[in-house]
Each structure stands twice: as structure tokens, then as C-alpha cells.
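Note sheet for the following structure.
Read-outs throughout are calculated quantities, based only on the coordinates presented, and are distinct from any laboratory measurement. Remember, predicted model here, so these are calculated numbers, not experimental data. Cβ sites come from the backbone with ideal geometry, for glycine too, and all protein chains shown count toward neighbours.
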Ligand SMILES: *Cc1c(COP(=O)(O)O)cnc(C)c1O
């Protein structure tokens, strides 16, 4: 499968890479699951920018995992930790332990979301020529939609489709990343289809049909669920024919490689 280099993760990395270089760091360290688009993008960006990369990955090493194999090929050092250790990743003790082991590094949080990431994702809308009344975007850690909200005109409404199950903290996380005067947005939590990377045959059928009709590939974790939500809303009459809507394709097509590995084992 030919994969384009792009997607929201590169916007999120842009100003972090600048900051890392300005602070004379030679190494990026980040966190994620074994199929993470963010860890994948960090490995690639590090290679392209001449920075070493370390991925602190939840779970056990699996030599055959194609996402991890790609990261290794970019020169990323992978450090696997169990779930319990991983859940303490934001505690200072864990970071200093990593520093003792690996020396100095620039930390990118899980999913790459921080204020510099939002500075980058603010630029996504600049690539769109028209104004839209309604914008849809996938939301995981919220850094991408925070940038969209910050950059959109006040009359545009932005809807984040949460791809995590029961994440009622997401609205608070997004609020913390944007300035107070934005009220034209909402996170919707009913389209995760069972949880992160969970799927059903309806979703897969939808993605297949969408690609057939529009010649645009969707990934099964993020963009597939966003477009599925949009079409559900059209069917339900929540989106009307005259409405000018924009659905943002945030990338994530590498996710298929891991997805096929996990669920089809081919
Ligand atoms: C990571 C990712 C998202 C979620 O972005 P956040 O900034 O974490 O909300 C959405 N779409 C794709 C394709 C992603 O890889």
C-alpha cells in the first residue's frame, strides 16, 4: 500500500520539532500504543529532521508488528513498558527514570498534544479556501480539533467526533488548549462504535462504499468513523441539504497496516 506522508500528526509535530532544535535537543521521546499513528509519525519526522527518537510503548514487544517495524526502520529506539508503568507515564519519577536511562530528550506527550501542537493544527484550516458552516473532525487527545476551533470563524460550528469510549474528559482537555472566547464547538461521543479501534461490519461496509463512490480512502479508527457520523446525520436529517459542511481528513491510513495485522493476520 502506498502511504502519503501527511496527516494531522505532522502539523502537531511542526512547532515541537522547531522547539526541540532551538533547545539544542538531539533526541525526541514520546509515548503511545503499539499501533499509534503518533509514534509512527514521530519516528518518521525524527529521521527526516536528523533527530534521534525514542518510543515508550505500552505492552510487549512484537517483532512482527508492522507499525513498530516501521518505527525501528526509521531508527527509533523502542522501550516497552507494561500497562501499569505506562499509566504512570506523566509522573515526574517516571520521566527522571527515563532520563537516567536515555540522557536528555525533548518530550512529546502521548498523541503529540500540547500547546505547540495546537499552534501547528491551527494551520490546517489555512489550506481550505472557503468558509464552511459546519466542520467535522476526529478527536482523540483533542489537539487537532483545538487548532481547528482556534482558527475557524466564529459563525462556523465545529463538531469533534470522539473516537474513544466514554471519554468525558475530552471537552475539558480541548477547553484547556483554546482561549475562552470560543463557544462554537462540541464533542460528540456516540460514534466510537464500541471504543477505540473497535469496529463492526456496518462501518467496514461504509468505508468500502465511500472509497468506491468518492475515491477517497478512510482509515478504520478515525476518519472512517467521522464520515460515518456525517452520513448518519444526513440520513437523520440533522444536516440539511443547503448546509455547507467540511469533514477533515486527518490522515491515519497507516492504521490499516496494523489493523490488518491485528484482525486479519495477513
Ligand atoms: C491522532 C489522530 C487523530 C486524533 O487527533 P487528536 O489531536 O489526538 O485529537 C485523528 N485522526 C487521525 C487520523 C489521527 O491519527
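Structure summary
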{"quantity": "Selection status of residue 257, over 18 Å from residue 36 (Cβ atoms) and either within 15 Å of the ligand (Cβ to nearest atom) or surrounded by 13 or more Cβ atoms within 10 Å (Cβ to Cβ) (or both)", "calculated": "no"}
{"quantity": "Number of the exception - residue 143 against (1) more than 15 Å from the chain's Cα centre (by Cα); (2) closer than 22 Å to residue 39 by Cβ; (3) touching a residue at least 60 places away in the same chain (Cβ under 8 Å)", "calculated": "(1)"}
{"quantity": "Tabulated pairs, region 67-87, first within 19 Å of residue 257 (Cα to Cα), second surrounded by fewer than 17 Cβ atoms within 10 Å (Cβ to Cβ), C-beta under 6 angstrom, 6+ apart or interchain", "calculated": "74/47"}
{"quantity": "Those helices (runs of 4 or more DSSP H) lying entirely in region 57-167 with at least 1 residues within 12 Å of the ligand (Cβ to nearest atom), surrounded by fewer than 21 Cβ atoms within 10 Å (Cβ to Cβ) and at positive phi", "calculated": "none"}
{"quantity": "Residue, farthest from residue 46 (Cα to Cα), within region 16-26, restricted to residues that are more than 14 Å from the ligand (Cβ to nearest atom) and touching a helix residue (DSSP H, G or I) at 6+ places or on another chain (Cβ under 7 Å)", "calculated": "19"}
{"quantity": "Matching residues in region 37-46 - criterion: being free of Cβ contacts under 8 Å to residues at least 60 places away in the same chain and within 13 Å of the chain's Cα centre (by Cα)", "calculated": "39"}
{"quantity": "Considering residues of region 168-181 that are in a loop (DSSP other than H, G, I, E, B) and more than 23 Å from residue 245 (Cα to Cα) only, the residue nearest to the ligand (Cβ to nearest atom)", "calculated": "169"}
{"quantity": "Set 6, 50, 33: member being surrounded by fewer than 17 Cβ atoms within 10 Å (Cβ to Cβ) and within 23 Å of residue 137 (Cβ to Cβ)", "calculated": "6"}
{"quantity": "Residue satisfying all of: in region 27-45; assigned to a strand (DSSP E or B) and under 30 Å from residue 263 (Cα atoms); farthest from the ligand (Cβ to nearest atom) among these", "calculated": "29"}
{"quantity": "Region 217-230, residues that are over 14 Å from residue 159 (Cα atoms) and away from the ligand (no atom under 11 Å from the Cβ)", "calculated": "217"}
